[in-house]
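Notes to accompany the following structure.
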2 protein chains.
Amino acid sequence: MQNTIKVERAILGITQDELAKKIGVSRQTINSIEANRYVPSTVLALKLSAIFNKPVNDFFRLTDQD
Amino acid sequence: MQNTIKVERAILGITQDELAKKIGVSRQTINSIEANRYVPSTVLALKLSAIFNKPVNDFFRLTDQD
DNA sequence: ACAATATGACAAATATACTTTACATTTAGA
DNA sequence: TCTAAATGTAAAGTATATTTGTCATATTGT
């Protein structure tokens, strides 16, 4: 799975820490997701969706190995 | 988080076992998600999105306790 | 009613998300 | 250039998703 959270975050002009606080996770969680170190839960994806004001499918995509 | 997977599955007219096999998880995983026993990963949500041919936000929604 | 299939659910084991702490590196501004 | 803020990452611990096995109940077709 790939994501464009870094881009969406840049559009909002906020830091990893700020985004983390908005959705109630740690900064490292945001950092790890941006770095594709692990796959977030659907709740987290929906919270990002609400903050980015875009559907989940816009910034999370399946790749071949999925 | 709430979901309408049971409805989407009924639209396709397939069993929990068939849906599970389509997305490569166990039948119990589908059963547990439909029963809201736990929150699936975003990869799983995207796979369901592909099979239902609908965006994730259509069948997964945040609730107050999220 | 009977048999086969589908669903609900639980327990134990394993995999993995997420937190906290901590430190190094990079970036941005005075 | 110096400093503070932002980012990248790693390790250890906790929480939770997912699997496998199993059984009970419900549903459907004959």
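Taking residues in the stretch A:53-64 that are within 12 Å of B:Asp58 (Cα to Cα), and partners anywhere that are open to solvent by 50 Å² or more (accessible area, probe 1.4 Å), the pairs with Cβ atoms closer than 6 Å and at least 6 places apart or on different chains are A:Pro55/B:Pro55; A:Asn57/B:Pro55.
Flag: B:Ile14 does not match the condition of being more than 11 Å from DNA strand C (Cβ to nearest atom) and surrounded by fewer than 18 Cβ atoms within 10 Å (Cβ to Cβ).
Does the stretch B:53-63 include one or more residues that are open to solvent by 50 Å² or more (accessible area, probe 1.4 Å) and within 11 Å of DNA strand D (Cβ to nearest atom)? Scanning the stretch B:53-63 turns up no residue that is open to solvent by 50 Å² or more (accessible area, probe 1.4 Å) and within 11 Å of DNA strand D (Cβ to nearest atom). Here B:Asn36 fulfils each of the conditions (1) open to solvent by 60 Å² or more (accessible area, probe 1.4 Å); (2) part of a loop (DSSP other than H, G, I, E, B); (3) modelled with pLDDT of 95 or more; (4) on the phi < 0 side of the Ramachandran plot apart from (4).
Taking A:Lys47, is it facing chain B (nearest Cβ under 9 Å) and either surrounded by 13 or more Cβ atoms within 10 Å (Cβ to Cβ) or not in a helix (DSSP H, G or I) (or both)? Yes.
The values are calculated or read from the model by the stated rules, or taken from the named source; none is laboratory data. Because the structure is predicted, anything quoted here is derived from the model rather than measured. Using ideal geometry, Cβ is built from the backbone for each residue, glycine included, and neighbour counts are taken over all protein chains shown. What goes into the accessible areas is simple: the full protein's heavy atoms, side chains included, and nothing from ligands, DNA or RNA. Shrake-Rupley method; radii C 1.70, N 1.55, O 1.52, S 1.80 Å.
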